[in-house]
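Here's the structure, in structure tokens; my notes come after.
The values are calculated or read from the model by the stated rules, or taken from the named source; none is laboratory data. As the structure is a prediction and not an experimental result, all values here were calculated from the model. Cβ: placed from backbone, ideal geometry, glycine included. Neighbour counts: every protein chain shown. Ligands, DNA and RNA are excluded from the accessible area calculation, which covers all protein heavy atoms including side chains. Shrake-Rupley method; radii C 1.70, N 1.55, O 1.52, S 1.80 Å.
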Amino acid sequence: MELQTLAMKDATIVDDGTTERTSYPYVTGTSVIGMKYKEGVIMAADTGGSYGSTLRYKSVERIKPIGKHSLLGASGEISDFQEILRYLDELILYDNMWDDGNSLGPKEVHNYLTRVMYNRRNKFDPLWNSLVLGGVKNGQKYLGMVSMNGTHFEDNHVATGFGNHLARPILRAEWHEDLSFEEAVKLMEKCLLVLLYRDRSAINKFQVAKITEEGVTISQPYALKTYWGFSAFQNPSKGAVGSW
Amino acid sequence: MDLHLNAPYCMGTIVGVTYDDGVVLGADSRMTIGMLVANDSVSDKITQLTDKVYICRSGPAAVLEFVSDYVRNILDQQTIQFGQPATVKATANLVRLFSYKNTNAIQMGQMGMIVGGWDKYEGGQIFAVAQGGTILKLPYAIDGSGSSGIEGFLDRAWKEGMSKDKAEKLVVKAVSLAIASDAASGGAVRTVTINSDGVRKNCYPPDSLPLCDDKRRRTKTKKTTTTRTERRIDAPKP
């Protein structure tokens, strides 16, 4: 057993001896949006994994439940996200083994993730992700974000990547306390649609996840309807022949 | 012209598809050192890791041969301990571990692998281990330099619940198309079919492959004969 576990632990075969290592992202996910609503937190992301400018993988689930009380959504390098899920799996497992009736809530998980991200950043070996952590515990809703350099904060609505620039202005204008689930989904879809129009890495295949005191529900992937009925689209160079 | 003869031996196109009973893995057999074709026939890019789990390797040859040996070593020990061969998932995760932990090392280069096999718990499965260490369970996967050209083809042609023969034909066609449009892919198409009955290997030599280079359709065209008129060109009269 020793030989095997040693081999697995020490999988870092190649040791360049360099202390400065910055990794480059290869397979990446684009924006994640999260917001609080009346019963809990709602989060959405598309299911795409891009390889540079190629939209290579189209069924990557980027939102996962963590323990009983949290949802984690990630953008950035997918392999690092998968590694973070392994760390959290271990964290939740150890928490369950205490068997003391208590369980880690979203605030705790968020703090753990912040520490992990910040520590890796200090070693010049970051986990190339922007994480959205949302959840409900004992009636308290929580929504926070951690970036790859350890910057972390809480808010009523958060977004990663392009979502910061395109979705959050919409949310700042239209989000209010105690949205119903239907209202929240509508608002979410409004943001997702803008991202679909304007983010080149976005694909039309979204998952919307919600977490309440009762538990987690992650929807099956679905597509949004886009609007192309502008008359100018029919013959755009009518007024200026030769232009585009 | 710089032939890049100091580049690592690199590898062409790999494909893995699931069908109703198991999986079919396929690959070309070309090895290039920069612009030189080191070998077009002998390489076998589909390597066995355990009884019914094989890996398709695309990327620097030496590194990937090492990965296969390393993972096979661990799996051999695991098989002895557990008394039964490792599952496809466990194997794929070991490959992922190696890929993820060593991404930043300079020698790695463009490394993409497909782990496919059959186990008694989940049947036939394909796992793609992409550059960087992302692991994804997929119904079909492709990788390698020649894969970008056949993304659309495979998306259209793969259907759920194909028979073994159809699946194998699909894989051969896909790799042939990739060979036609990628300079780093060529040679024979090798396939490995894995299901509950066992493992079957096939080799389709280059001259047996559908001629994808030639864009001529296989429809009957009327042969029109044109009469050649010869023109004598005499030396100009002084």
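Take B:Val63, B:Val95 and sort them by solvent-accessible surface of the protein heavy atoms, 1.4 Å probe, largest at the top.
Most to least solvent-accessible, the answer reads B:Val63, B:Val95.
If you average the alpha carbon positions of segment B:14-76 and of segment A:53-123, how far apart do those two centres end up, in angstrom?
Segment B:14-76 and segment A:53-123 have Cα centres spaced 33 Å from each other.
Check B:Ser43: other-chain or 5+ apart residues with amide H under 5 Å from its amide H, H built from backbone geometry?
none
Work the Kirkwood hydrodynamic radius out for chain A: mean of 1/r over every pair of different alpha-carbon atoms, inverted, in Å. Before the final figure, lay out each step's value.
Details: mean 1/r = 0.0513 Å⁻¹.
When all Cα pairs of chain A are included, the Kirkwood radius is 19.5 Å.
Are there any trypsin sites (Lys or Arg not before Pro) in segment A:108-176 that are in a DSSP loop and have at most 12 other Cβ atoms within 10 Å? List them by number. Spell out each step's value before the answer.
Details: sites: A:Arg115, A:Arg120, A:Arg121, A:Lys123, A:Lys137, A:Lys141, A:Arg172; in loops: A:Lys123.
Loop-located and lightly packed - A:Lys123.
What's the percent breakdown of Cα-Cα distances in segment A:145-187 across 5 Å bins, shortest bin first?
Values per bin, smallest distances first: 5, 19, 27, 24, 15, 7, 3.
Please state the equivalent ellipsoid semi-axes for segment A:147-240: what are the square roots of 5 times the Cα gyration tensor eigenvalues, largest first, in whole Å? Write out the running numbers ahead of the final one.
Values: eigenvalues 177, 61, 40 Å².
So the three semi-axes of segment A:147-240 are 30, 17, 14 Å.
Limiting things to C-alpha atoms, what are the Rg and the maximum Cα-Cα separation (Dmax) for segment A:31-159, in angstroms?
Computed over the Cα atoms of segment A:31-159, radius of gyration and Dmax are 14.5, 48 Å.
Applying the Karplus parametrisation 6.51 cos²θ - 1.76 cosθ + 1.60 with θ = phi - 60° to the phi angles of segment A:26-32, what ³J(HN,Hα) value in whole Hz is obtained for each residue in order, glycine and proline being reported as x?
With coefficients 6.51, -1.76 and 1.60, one gets 10, 9, 10, x, 8, 3, 10 Hz.
Residue by residue, what Karplus-based ³J(HN,Hα) values in Hz, rounded to whole numbers, does segment B:9-19 have, using 6.51, -1.76 and 1.60 with θ = phi - 60° and x for Gly and Pro?
Karplus-based 3J(HN,Hα) across segment B:9-19 equals 4, 10, 10, x, 9, 10, 9, x, 10, 9, 10 Hz.
Write down, largest first, the equivalent ellipsoid semi-axes of segment B:104-150 in whole Å, where each equals the square root of 5 times an eigenvalue of the alpha-carbon gyration tensor.
In descending order, the three semi-axes are 23, 14, 7 Å.
Restricting to DSSP H runs of at least four residues, report the calculated mean residue ellipticity at 222 nm for the protein assembly as shown, -39500 (n - 2.57) per run over all residues, nearest 500 deg cm²/dmol.
It comes out at -9500 deg cm²/dmol, rounded to the nearest 500.
How large is log10 of I(q)/I(0) for segment B:1-66 at q = 0.13 Å⁻¹ when the intensity is taken from the Debye formula with one equal scatterer per alpha-carbon?
The computed values of log10 I(q)/I(0) come out as -0.41.
Can you give the Rg and Dmax of segment B:79-165 based on its C-alpha atoms, in angstrom?
In order Rg, Dmax, the Cα atoms of segment B:79-165 give 14.9, 43 Å.
Please list, in order along segment A:57-62, the HN-Hα scalar couplings obtained from phi with the Karplus expression 6.51 cos²θ - 1.76 cosθ + 1.60 (θ = phi - 60°), rounded to whole Hz, x for Gly and Pro.
10, 10, 9, 9, 7, 9
Among rounded, prolate and oblate, which fits segment A:28-90 when a ≥ b ≥ c are the square roots of the eigenvalues of its C-alpha gyration tensor, a/c under 1.5 means rounded, and a/b larger than b/c means prolate? Working shown, then result.
Working: a/c = 2.92, a/b = 1.40, b/c = 2.09.
Oblate, since a/c reaches 1.5 and b/c is not below a/b.
Cα centroids of segment B:167-208 and segment A:171-244: how far apart, whole angstrom?
Going from one Cα centre to the other spans 42 Å.
What ranking, highest mean first, results for peptides B:4-10, B:115-121 when packing means the other Cβ atoms within 10 Å averaged over each residue?
Numbers: B:4-10: 14.6, B:115-121: 23.1.
Ranked by mean Cβ neighbours within 10 Å, highest first: B:115-121, B:4-10.
Translational D (Stokes-Einstein, µm²/s) of chain B at 20 °C and 1.002 mPa s when Rh comes from the Kirkwood sum over C-alpha pairs?
112
Jot down the per residue volume, in cubic angstrom and as a whole number, of the convex hull over the alpha-carbon atoms of the protein assembly as shown.
Measuring per residue, one finds 260 Å³ for the Cα hull of the protein assembly as shown.
Apply the a/c threshold of 1.5 to the C-alpha gyration tensor of segment B:110-214 and tell me whether it is rounded, prolate or oblate.
Oblate.
For segment A:100-167, rounded, prolate or oblate, judged on the Cα gyration tensor with a ≥ b ≥ c (square roots of eigenvalues), a/c < 1.5 rounded, else prolate if a/b > b/c?
oblate
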